[in-house]
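Take a look at the structure below.
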Amino acid sequence: MTESVIYQKNQSSSAQFSAKQRVRRLIWKIALATFILMAIGSATRVMDAGLACPDWPLCYGQFVPSQQMNLQVFLEWFHRLDAAIIGLTTIGLVVLCVWYHKELPRWLPWTALLALMLVIGQGMLGALTVTELLRFDIVTAHLGTALLFFCLLIGMGTALLPYEGTTTAEKLTWLGGMAAALVYLQSLLGGLIASRWAVHQCYTGFELCSVMNTHLLGVIPATLATLAVVIFSWRTPALHPALRKLANVSGGLLFLQILVGFATFHLHLQVEPLTVTHQAVGAALLGGLVAYTVLAVRDRSIPSSSV
């Protein structure tokens, strides 16, 4: 009888691990696709290809506009294709979470549903971006929603990782969260600058310089908060190696982001790959800080246990 109970428990534990693993892998795949989507969206913006497809959701009334295809049309078309794939896989994520809801944490199906709602909102904003002829507030909201969706995926995937807490990161949770919030706001300001072409207007006609300067000043609090994460992680004894690694990666991305940002502004956004890299590194830094914060929360609340 005892052996039968142990066997059933092992079978249940194995089923839970398998379900978590499947869901986690799908989440990371969607997160990667979202990261690529944001990079392509940045390339579409800096290459002035936002209206390369004048209609929506098709492009020149076709699924694949082969006759009109050039670099600009390809960027906008591929951006939409990637977005559609992300939408479909997010629906699949919700279905998977509902199907395996007994083997998964209770919060996961609801979080997956929230992710789907963000995708739907993102699709609506994408349509308005075209129909409203790249209105800057809609373009900025489009980026902001994409970043929120990306952060949610990173948080979900990190929360499902096998992890044993050490109860040493209690004071680092709020620090990681604050750094992530400041980097998110800084990314929004960067998107606003790009959507309004503030750098060009400031350098050529001395207009919208306040918008550009706000972004430049925003570097200070975001940098200080991220550096605080790195420094306090170094100084915290017995901190989990995963948290140390994420802190070091965040520090490296911060340094790279400052270098790329300086080069981008110094060259007046004339080098498109630099502008796209600036956006991509910023998103990666944000994702790293979100993962750090989630692990710090788990370290504090679930000591010496695997989830």
When you scan the stretch 152-247 for helices (runs of 4 or more DSSP H) that lie fully inside it, which ones turn up with 2 or more residues that are within 30 Å of residue 117 (Cα to Cα)? 173-196, 209-235
Can you work out which of the residues in the stretch 160-184 that are within 18 Å of the chain's Cα centre (by Cα) and open to solvent by less than 20 Å² (accessible area, probe 1.4 Å) is farthest from residue 279 (Cα to Cα)? 160
Test each condition in (1) surrounded by 19 or more Cβ atoms within 10 Å (Cβ to Cβ); (2) in a helix (DSSP H, G or I) for residue 104 and report the one that comes out false. (2)
Among the candidates 127, 83, which residue alone is assigned to a helix (DSSP H, G or I) and either free of Cβ contacts under 8 Å to residues at least 40 places away in the same chain or surrounded by fewer than 20 Cβ atoms within 10 Å (Cβ to Cβ) (or both)? 127
Quick check on my filter: what residues within the stretch 41-56 are under 19 Å from residue 192 (Cβ atoms) and among the acidic types (Asp, Glu)? 48
Output for Cβ contacts, cut-off 9 Å, separation at least six or different chains, first residue closer than 11 Å to residue 282 by Cα in the stretch 167-188, second of a type in the set (Ser, Thr, Tyr) and open to solvent by 20 Å² or more (accessible area, probe 1.4 Å), reads 180/293; 188/140
The condition from (1) at pLDDT 95 or above; (2) open to solvent by less than 30 Å² (accessible area, probe 1.4 Å); (3) in contact with a helix residue (DSSP H, G or I) (Cβ under 6 Å, 6 or more places away or on another chain) that residue 294 misses is numbered (2)
In the stretch 187-210, what residues are of a type in the set (A, V, I, L, M, F, W, C), farther than 21 Å from residue 43 by Cα and open to solvent by less than 50 Å² (accessible area, probe 1.4 Å)? 202, 208, 209
Are any of the residues in the stretch 50-67 open to solvent by less than 50 Å² (accessible area, probe 1.4 Å), in contact (Cβ under 8 Å) with a residue 24 or more places away in the chain, hydrophobic (A, V, I, L, M, F, W, C) and outside any helix (DSSP H, G or I)? yes
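The values are calculated or read from the model by the stated rules, or taken from the named source; none is laboratory data. Predicted, not measured: the structure shown is a model, and the values here were computed from it. So basically every Cβ, Gly included, is an ideal-geometry build from the backbone, and we count neighbours across all protein chains shown. Side chains included, ligands, DNA and RNA excluded: accessible areas come from the protein's heavy atoms. Shrake-Rupley method; radii C 1.70, N 1.55, O 1.52, S 1.80 Å.
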